[in-house]
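Structure first, then comments.
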There are 2 protein chains.
Amino acid sequence: MPRQADHDRRRRQIAEAVWRLAVGGGLEEVTLRQVAAEAQVSARLLQYYFGTRTDLLLGALKILNDDAEHRARERLALLGETPGMHAIVRGVLLELLPVDEERRTRHLVYAAYFVRFLTDPDLAGVARDAPRALEDLVAGLITQGQDTGQVPRRVDAAAEAAFLVAGAEGLQSSVLLGQRTADEAVAMIDHQLARVFTPTPA
Amino acid sequence: MPRQADHDRRRRQIAEAVWRLAVGGGLEEVTLRQVAAEAQVSARLLQYYFGTRTDLLLGALKILNDDAEHRARERLALLGETPGMHAIVRGVLLELLPVDEERRTRHLVYAAYFVRFLTDPDLAGVARDAPRALEDLVAGLITQGQDTGQVPRRVDAAAEAAFLVAGAEGLQSSVLLGQRTADEAVAMIDHQLARVFTPTPA
DNA sequence: GCTGTTATGGTTCGATCGAACCATAACAGG
DNA sequence: CCTGTTATGGTTCGATCGAACCATAACAGC
């Protein structure tokens, strides 16, 4: 049945198999044969759609990354018309937590790739910018919060933003490792946000 | 030259080779042959000292873990006779940051094992308790700080301790990924500690 | 000074890996 | 309807993997 193949769909189907295997046992388990079996296609198709194994690893990560951005925007849009800084910051930080199966898988896949990011420039290029961008975004929102009196002037917006993001990432690890539930992590984020977003007198 | 072999030394020599390879390319690179070459011993010796590859991975992690605890205690002892809560908490949190080559390697090795912790009970057993123990330790120190007037009564010791640990772990990731320097991360920890450890009036 | 255990090197085997190669049905465009 | 590209399955090859096996020097204890 050629010529009517949906390339994007096929690539996604294969990429998802890569994710599942990576989550289950690290990149070591992501072998061409295993991916083929998991995606229920022939090994030949992996070569056709992605090329070499290195390309497959890179391609599957790219799709994961594009997904992350796309879904995050969707969810943030769901916050309503004029969400308020507090709610937006909360939404951004929740993207970093494994609060549902989608985000759990995503962060676990990133974890499986982690050490590779340090040595493989191609992989690093895909996932490099996100964390810094998040910090800047949060910092901007906190600054806006200061201008509208929701955040005290005395807080250092950049420092607080960076530590909130770092805290969310640390909580992510602890949830993935089963040391606390996602709900507990969310509650801890809210606790910190309540500290930062304090209606200031004057 | 038998009978005068120092088993602990040999095992450490091999474990360090495992760490280097894991840091360089993940557990995928930790093959018996590569470890043998890196440690400059024959593959046969790996079997002799560790057994199967699974055992090797587990054994190398155990040694890493024991090292972590031992070295942390050493460094905390170096703080002096009566360090004060603030200094101890700072020391504990700095153990989580890649501030030197030793700790950088350690945390990268943990990162390489990460996804395995979720599915392999043996591996999980080795590294499971540490984070919770750290949180409790920090929480206790903050509570003591409250009793001695170094920390305001209004802070939630447990919540703040957990978030400090989470923040340190998030900063760890960002330093490993080269998004900021270890010094910057330390400065951010100090910024947060200054907020918590505020001499309280009355 | 034998003897048995300890520490080590080397080799081999079946399995699996990534990648290249071979084949061919199904459709598109002329 | 014919033809060439597209999408796919299957097979094969050399390399490498983990693990078992074979060998043996060096020392310890008697």
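The values are calculated or read from the model by the stated rules, or taken from the named source; none is laboratory data. Given the structure is predicted, the values throughout are model-derived calculations rather than measurements. Cβ sites come from the backbone with ideal geometry, for glycine too, and all protein chains shown count toward neighbours. We work out accessible area using only protein heavy atoms, side chains counted, and drop any ligands, DNA or RNA first. Shrake-Rupley method; radii C 1.70, N 1.55, O 1.52, S 1.80 Å.
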**Item:** Test item: B:152-164 mean partner chain Cβ contacts at 10 Å
**Value:** 3
**Ranked by how many other beta carbons lie within 10 Å on average, peptides A:160-173, A:51-64, B:105-118, B:76-89 from highest** = A:160-173, B:105-118, A:51-64, B:76-89
**Asked** Summed for both chains, how many Å² of accessible area, to the nearest 100, are buried between A and B with a 1.4 Å probe?
**Response** 3500 Å²
**Prompt:** Over the Cα atoms of the protein assembly as shown, what Rg and Dmax result, in angstrom?
**Reply:** 23.1, 81
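Just to be sure I follow: if Rg is taken over the C-alpha atoms of the stretch B:7-196 and Rh is the Kirkwood radius over the same atoms, what is Rg/Rh?
That ratio is 1.03, to two decimals.
Leaving out ligands and nucleic acids, note down the accessible area per residue over the protein assembly as shown with a 1.4 angstrom probe, in whole Å².
Result: 50 Å² per residue.
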**Request:** On a 0 to 90° scale, report how tilted helix B:182-196 is relative to the longest principal axis of chain B, with both axes built from alpha carbons and the result rounded to the nearest 10.
**Result:** 30 degrees
**Complete:** Over chain A, the sum of -39500 (n - 2.57) across DSSP H runs of at least four, divided by residue number and rounded to 500 deg cm²/dmol, gives at 222 nm -24000 deg cm²/dmol
**Item:** Sulfur and carbon atoms: percent of accessible area, the stretch B:67-196 [1.4 Å]
**Value:** 54 percent
**Within the stretch A:72-133: Cβ-based charge dipole about Cα centre, in debye rounded to nearest 20 (Lys, Arg +1; Asp, Glu -1)** = 160 debye
**Nearest-first distances (nm) between copies at B:D8, label 7 Å from Cα via Cβ** = 6.1
**Complete:** Of all trypsin sites (Lys or Arg not before Pro) in the stretch B:1-37, the ones in DSSP coil with at most 14 other Cβ atoms within 10 Å are B:R3
**Message:** Once the label point is set 7 Å along the Cα-to-beta-carbon vector, what list of distances in nm do you get between A:T143 and its counterparts in the other copies?
**Reply:** 4.1
**Item:** Options B:G125, B:P201, A:V18, ranked by Cα towards positive dipole end of the protein assembly as shown, top entry (Cβ charges)
**Value:** A:V18
**Message:** Please list, in order along the stretch B:93-102, the HN-Hα scalar couplings obtained from phi with the Karplus expression 6.51 cos²θ - 1.76 cosθ + 1.60 (θ = phi - 60°), rounded to whole Hz, x for Gly and Pro.
**Reply:** 5, 5, 4, 7, 9, x, 7, 9, 4, 4
**Request:** Mind putting a number on the dipole of chain B about its Cα centre? Charges go on the C-beta only, +1 for Lys and Arg and -1 for Asp and Glu, and I need it in Debye to the nearest 20.
**Result:** 440 debye
**Asked** Between A:H107, A:V41, A:L97, whose Cα lies farthest towards the positive end of the dipole of the stretch A:7-196 when Lys and Arg beta carbons carry +1 and Asp and Glu beta carbons carry -1, centred on the Cα centre?
**Response** A:V41
**Asked** Dipole size in debye (nearest 20) for the protein assembly as shown around its Cα centre, Lys and Arg Cβ +1, Asp and Glu Cβ -1?
**Response** 860 debye
**Prompt:** Relative contact order for chain B: what is it in percent, counting Cα pairs under 8 Å that are at least 6 residues apart?
**Reply:** 20 percent
**Prompt:** Considering every residue in A:173-180, what mean count of other chain Cβ atoms within 10 Å of its Cβ is obtained?
**Reply:** 6
**Shielding by other protein chains, A:19-26, mean Cβ within 10 Å** = 3
